[in-house]
Structure formats: structure tokens, C-alpha cells
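The values are calculated or read from the model by the stated rules, or taken from the named source; none is laboratory data. What you see is a predicted model, and the numbers here were worked out from it, not measured in a lab. All Cβ positions, glycine included, derive from the backbone under ideal geometry; neighbour counts span all protein chains shown. Side chains included, ligands, DNA and RNA excluded: accessible areas come from the protein's heavy atoms. Shrake-Rupley method; radii C 1.70, N 1.55, O 1.52, S 1.80 Å.
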Amino acid sequence: MRHISLKFSALLIPYYAMWAIGPGFFVVVLEQKGIAANETAIFTCLISLTAAVVQPLMGFLCDKTGKAKTILSVCCALSVLAYVWLYFLNGTFQLVLCSVLIGSTINAMYGFSEGWLSKLDCTKLGVNFGAVRSVGSLAYAVTAAVYGQLFDIFGSISLPVAMAISCVVLVPLAMICPNPQISEKQKKEGQFAVAFKKLMQNRRFVLMVICYALAVLPTGAATTYYALHIRHLGGDAGDVGLALLILAGSEFVTMPFYKKLENKFGTEKLLAFAFFMYGVKNVCIGLSTNVTAAILASATQGLCFSFSLPGVQSYVDQITPREYSATAQMVSNTGGQIISQIVGLAIAGVMTTFIPVGTTMAILSIFAFAGCAIFVIGLKKLNKA
């Protein structure tokens, strides 16, 4: 239904604006506080690890209670407090606690919109998830570009202020979006252990999550070190904002076409292509030798993330039961993105002590190519079984 698409499209604007401002400039804030690159990797890893633990529980909570709008609003409001704390904090211990809070709130909410829409059965309602999600990409792109300039002018004090403004817009928009309907039986009998066990018994689901994790693993380095790579090449916060604009803008251009391509080629082929392109993206960014090349390389995001995100959402919907849809979406996101990025970040943290950031990003692309190959081979075996 059109009104549902419009409501969620509107909701994703302030939500991804918060993502562009907070997680997007977290590394830059730490750099200004004098935190070394290898220490920054540790704190980013801590955020991802916390999110990996909390995220599946958020999905299960949505499946069990159906109170999606409340869960999202509360977590985003708490994330504002986390970034206020980030600005004022002093000392490693406070930074550790702040990182845990960030990981438990806005970072744990990544992928929540997919689970929410899956619970509403967006396919049955005729909602084009790719088109809706592309609005979030556009919001991310515009916010990153504009905020990059504001950050250069006002400094890190602008971060909690901008986060708070975005949250004030987000909460009322969340309240007008429909909550998923939960049966009384599911409220009484739903257990996370049962849902997780059923998912782990699904061989296609497990194969997809493993290969998704391998494909996204290089992104663990790219997400954290991309801003530093640009700055090491001589760029500033404005250049970082422009890079994020092109990166998210490429998503906005290609993601609305996902559904048509899925109908023509099938979900599995598009996922295999997206996994391959994750490797290409890291190679292009990692081997760039000047700011312009590093910024332009981010456009490859439109050929990997733009297809993997709606592709995974659609594929999980196809192969998992409806009563565990939100849990399945969050588990796939946790395993496929967060945990893999933690591993990728840890590997990159070690490698960057010996070799340049760019070279590290290029080498890690091997994992993405391996993920693509395993996915193709694994599907052939499952189809023959």
C-alpha cells in the first residue's frame, strides 16, 4: 500500500540522517580527541560486538511484542545521550562505556527497518523495499555532505546537536507507522532459543549468512578506515562528507531497480553478483592514490550494497517462517554484517600496523571473492540435493 511506503520512507529520512552524523563521524571525533588509529579500531570493534549481541534480541523483541515503533524510538533517543556523552567524556573507561551504549542503541538498530517491514509482510502489501530503503540512502547522502561542511565549521560539538534534532523528527514519524500484528499464541510461546534453532537448521539460510559475512568482511576495514584513508591522502572532513554523499547517492540511484532485476534474474544470482562487487569496491578504494580517486571509488557501493541489502531481506523472507521474520532479519544482519565487520576490523587493525591502510583494504577483498564463490558452489549442491 502506498501510504505504508510513504510512512516508512519518511521515517527512514531522519533515521539515516542520524546514521550519517553519529556512526559516520565517530572515527573523526576520536581522531580529534587524539585517539590513535589502532585504538580507534578497538572502540569500533567494541561497538560492533555490543551490537552483535543486542541486535538479534531486538528482532526477537519485535517478533514477540510487535512494539516496533517504541523499540526504535527509545533506542534512537538513548543514542543521542550517548553522543552527548561522547563529546564531554574524558578517559578510556568512559569511552569504553560510551561505546557500549552506542553499540546497544543506534548500531543495534541497523537492519531493524528490514525486520519491521518483513513482519508487516511488505511483499504481500506490495511495498517495494528497495525503493523505500533508497530514500534512506538519499537522506544519508545529503546529510553526510551537508554535515561534513558543518563539522568543519563548528567542530565536534555539532554532532550531539545534529543527532538530537534528527531524533526529534524521527519519533513522531515512528509513531504514525503501523506496528506488526502479533498473535496471542506467539506472545505466550515465542522463545528466542526456539527461533534461533529453527534458523540454524535452515541450510540455505546458514549458507547465505556465511557467504554474506565473507563478502561484507572487507567492509569492516572500509567503514572504519575509509575516512582515515581519505584524510591520509590529504582530504578533510568536507571530503569525507562528499565521499559519503557519493557512496549513499549511488545506493539511491540503483536500489529502486532491485525489484525489477530480481524478477528478471532471481534473488540468488543478484546476491552472488553483490558479493563479488564487495570485493571490487575494496580494491578500487584501497588502490586509490589521491583524494579524488578515493571519493569516486565509493560509487561502487551502488553495485554491492544496493543489491545485497534488499536481496538478503527478500531471500530471508522467502526461506524463513513468517513468525520469526524479524528475528531472521536481525540474525542475518548480525551474522552477515556486524560479526563479519568485527573480524574484518580486527584483521585490519593488525595489518595496518605493518602496511598502509589502502593496501590492507585491497588485500581483504579476497574474502568477498571467496564468499561469492562459496555461495555459488553451495547453491548448486543444495539444488541437486
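Here is how the numbers come out for the structure above:
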item: Net length gained if the chain between Phe88 and Val253 were fully extended (0.36 nm per residue, minus Cα distance); result: 55.6 nm
item: Compactness of the range 230-385 as Cα Rg over 2.2 N^0.38 Å, two decimals; result: 1.13
item: Axial C-alpha extent at least 24 Å, average Kyte-Doolittle at least 0.5 - helices from the chain (DSSP); result: 2-32, 37-65, 68-88, 129-154, 158-176, 203-232, 237-254, 267-286, 357-384
item: Solvent exposure of the range 193-331 as accessible area per residue, Å², 1.4 Å probe; result: 36 Å²
item: Difference of contour (0.36 nm per residue) and Cα-Cα distance, Leu296 to Ile165; result: 44.1 nm
item: FRET efficiency, 1/(1 + (r/R0)^6) with R0 22 Å, evaluated for Leu382 and Met200 via beta carbons; result: 0.90
item: Alpha carbon centroid spacing (whole Å) that separates the range 271-340 from the range 31-77; result: 18 Å
item: Lysine pair count for the range 3-136 [Cα-Cα under 15 Å; pairs on different chains or 8 or more apart]; result: 4
item: Fluctuation leader among Thr327, Thr44, Thr353 - the chain, Gaussian network, Cα springs under 10 angstrom; result: Thr353
item: Ordering of 261-272, 132-143 by burial proxy (mean other Cβ atoms within 10 Å per residue, highest first); result: 132-143, 261-272
item: GNM result for the chain, Cα springs below 10 Å: residue of Pro172, Pro310, Pro14 fluctuating most strongly; result: Pro172
item: Neighbour net charge for Ile230 - beta-carbon separation under 14 angstrom, K R +1, D E -1; result: -3
item: Whole-percent carbon and sulfur share, accessible surface of the chain, 1.4 Å; result: 69 percent
item: Signed unit charges on C-beta, dipole axis of the chain, positive-most listed residue Ala51, Gly335, His3; result: His3
item: Å² of accessible area per residue within the range 1-83, as computed with a 1.4 Å probe and no ligands counted; result: 36 Å²
item: Top of Leu247, Leu46, Leu217 by mean-square fluctuation, Gaussian network on the chain, Cα under 10 Å; result: Leu46
